[in-house]
Amino acid sequence: MINELVWLIPLLFWLVILLLPWQPWRNRETLEASSTSSDRDLSEISVVIPARNEAKQLAQTLSALANQGGNLHVIVVDDQSQDGTAEVARSFEGLDITVIRGQALPDGWTGKLWALHQGFAKVERPVTVLLDADITLLQGMLVTMREKMQRENISFISVMASLSMQTFWEKLLLPAFVYFFKQLYPFALSNNRKNKYISAAAGGCIMVESSALNQVGSFEAIKDTLIDDCGLAKLIKQNDYTTWIGLTRDVHSHRPYGGLWPIWDMVSRTAFHQLKYSLAMLLGLTLLFTAIYGLPLVGLLSDSSIAQNASVLALAMMIGIYIPILRYYKLSPLWSFAMPLIAALFLAMTWYSAIEFWLGRGNDWRGRRYYKNSEAKEVIGQDC
């Protein structure tokens with residue numbers, strides 16, 4: 001009888017996920033550009049772009065900003081690039097751009113936060129946008145974000161940029177990356193003003209009141225944080241400011257991932273850090289993924305009718321819960337049938353992240369290698 005009950009574990013898990021009050025599998029928290037006008041006055045907004053070897057990506061980002069409205073101020077922090085990033089920014093016409101040559105990375109800082117810290121020091125406007133160098137904003141997006149802040153009295157807004165989903169590996173893994181993020185950081189709970197313990201942000205595009213950022217200690221307060229976007233949202237929210245996160249189809253990352261390895265590298269960079277470098281948590285995650293994604297497949301081959309029926313229902317819910325994110329990104333629902341494979345790949349990335357940590361190799365990102373104590377070392381000759 002005990003053996004028969006084992007097959008009910010994944011079924012009960014997916015039933016709980018389906019019935020959770022905050023429904024993390026739904027896409028209720030979204031924000032799309034409501035205006036296509038490019039003649040709006042944006043004189044209250046400064047955009048800070050940290051850019052390390054982003055010459056190939058930066059021009060498209062700046063072109064999209066030029067179409068947002070007039071009097072926008074853009075601060076590009078050239079984080080010691082070696083590919084002409086600063087020259088791309090200086091030669092761009094149609095925007096008020098300040099280019100800052102980033103200083104050497106001090107001990108105890110992560111690279112992106114150090115770049116943002118230097119850029120924010122030059123901000124004199126009431127609203128700051130933190131924008132990655134590979135992000136394209138559709139026309140009217142800045143106005144839409146600002147209007148939402150004013151209308152709903154929000155101090156901090158972030159939208160999760162739509163990633164490139166053109167190749168096989170991108171379609172297989174990147175919608176799932178967003179899906180797992182939403183399971184880990186439920187947007188409804190993160191946006192709940194009464195809940196101070198759950199917060200989330202997507203670092204590619206953030207709009208924040210400059211005064212709030214100053215009040216909480218700015219980037220220096222989280223200078224050693226590897227998952228900087230969620231760290232910043234936590235800092236803002238725990239200081240009694242309001243935060244909001246949502247999906248959008250009107251903010252795009254134009255950085256292509258292409259094959260498996262670039263996605264693997266992106267996920268594994270912070271996967272074990274997310275588990276607080278804990279072997280117990282890693283083993284727990286492995287057991288959970290094996291039970292909820294692998295056990296139903298085994299159950300289909302069982303002679304037990306209980307196992308077969310429970311497994312069919314568990315797989316149906318697993319697949320059904322994943323379909324909304326695929327529809328949001330306008331991908332075929334058939335990709336949902338690959339969820340057991342997708343989960344296995346993400347689990348493998350997490351184990352790879354742990355092994356790299358145990359071997360003392362740290363996490364490579366943008367030509368720097370980060371270790372548990374947030375020490376960063378330059379990786380000589382690495383293409384960033």
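Computed from the coordinates by the stated procedures, all read-outs in this text should not be read as laboratory data. Bear in mind the structure is a predicted one, so any value in this text is a computation, not a measurement. Here the Cβ is made from the backbone with ideal geometry for all residues, glycine too, and neighbour counts use every protein chain on show.
Taking packing as the residue-averaged number of other Cβ atoms within 10 angstrom, the listed peptides 124-135, 62-73 run from highest to lowest as 124-135, 62-73. Translational diffusion of the stretch 170-242, estimated by Stokes-Einstein from the Kirkwood radius over alpha carbon pairs at 37 °C in a medium of 0.692 mPa s, is 249 µm² per second. On the basis of the beta-carbon distance and an R0 of 51 Å, D41 and L5 show a calculated FRET efficiency of 0.20.
Compared with the dominant Cα axis of the chain, that is its longest principal axis, helix 111-120 is turned about 40°. Distances between placed amide hydrogens fall under 5 Å for M160 paired with G246, L247, T248, all partners being 5 or more residues away or on another chain. Per the Debye calculation on the stretch 85-235 with a single equal scatterer at every Cα and no solvent contribution, log₁₀ I(q)/I(0) for q = 0.09, 0.10, 0.17 Å⁻¹ amounts to -0.33, -0.41, -1.20. Label sites at T167 and A344, each approximated as a point 7 angstrom past Cα along Cα to Cβ, lie 2.1 nm apart. Extension gain, K56 to W261, is 71.8 nm, computed as 0.36 nm per intervening residue step minus the present C-alpha separation. How would you classify the stretch 105-147 from its alpha-carbon gyration tensor, with a ≥ b ≥ c the square roots of the eigenvalues: rounded for a/c under 1.5, else prolate if a/b is greater than b/c, otherwise oblate? Because a/c hits 1.5 or more and a/b fails to exceed b/c, the stretch 105-147 counts as oblate. Whole angstrom only: what separates the Cα centroid of the stretch 191-222 from the Cα centroid of the stretch 272-324? Cα centroid of the stretch 191-222 versus Cα centroid of the stretch 272-324: 34 Å apart. Ordering 74-84, 4-14 by mean Cβ neighbour count within 10 Å, with the highest value first, yields 74-84, 4-14.
Could you check what % of the DSSP bridge pairs in the stretch 75-220 are antiparallel, to the nearest 5? In the stretch 75-220, approximately 65 percent of DSSP beta bridges are antiparallel ones. For the pair R361 and L300 in one chain, pulling the backbone fully straight at 0.36 nm per residue adds 17.9 nm over the alpha carbon distance. Charge tally around F92: other residues with Cβ under 15 Å, Lys/Arg +1 each, Asp/Glu -1 each, net -3. Seen against the Cα atoms of the chain and their longest principal axis, helix 305-328 is set at about 20 degrees. Helix 55-66 axis versus longest C-alpha principal axis of the chain: approximately 70°, rounded to the nearest ten.
If each DSSP helix of 4+ residues adds -39,500 (n - 2.57) and the sum is divided by the residues in the chain, what number results at 222 nm, nearest 500 deg cm²/dmol?
-13500 deg cm²/dmol
Extension gain for L12 to R28 (0.36 nm times residue separation, less C-alpha to C-alpha distance): 3.3 nm.
What the Cα convex hull of the stretch 286-360 gives, in volume per residue, is 98 Å³.
A Förster distance of 35 Å, applied to the separation of the beta-carbon atoms of V312 and E147, puts the FRET efficiency at 0.15. In this simple spin-label approximation, D83 and D96 carry label points 7 Å from Cα along the Cα→Cβ vector, and these lie 3.0 nm apart.
Only Lys, Arg, Asp and Glu carry charge here, each on its Cβ (+1 for the first two, -1 for the last two); on that basis the chain has a dipole of about 680 debye about its Cα centre.
Model label sites at A104 and A221, defined 7 Å from Cα along the beta-carbon direction, differ in position by 3.0 nm.
Listed values for the stretch 262-276 are Karplus-derived 3J(HN,Hα) couplings in whole Hz (6.51 cos²θ - 1.76 cosθ + 1.60, θ = phi - 60°), namely x, 5, 4, 5, 5, 6, 5, 4, 10, 4, 6, 4, 4, 8, 6, and x replaces Gly and Pro. Considering only I49, M141, I323, and ranking their Cα positions along the charge dipole of the chain that arises from unit charges at the beta-carbon of Lys, Arg, Asp and Glu, the one farthest toward the positive end is I323.
Please compute the Kirkwood hydrodynamic radius of the chain from all pairs of different C-alpha atoms, in Å with one decimal.
About 22.0 Å, per the Kirkwood formula over Cα pairs.
Taking the alpha-carbon centroid of each part, what is the distance from the stretch 57-77 to the stretch 138-156 in angstrom? The distance from the Cα centre of the stretch 57-77 to that of the stretch 138-156 comes to 17 Å. Summary of packing: across the peptides 180-187, 327-334, the per-residue average of other C-beta atoms within 10 Å ranks them, highest first, as 180-187, 327-334. Considering only V129, A59, A344, whose Cα is most displaced toward the positive end of the charge dipole of the chain, charges sitting on Cβ of Lys, Arg (+1) and Asp, Glu (-1)? So the residue furthest toward the plus end is A344.
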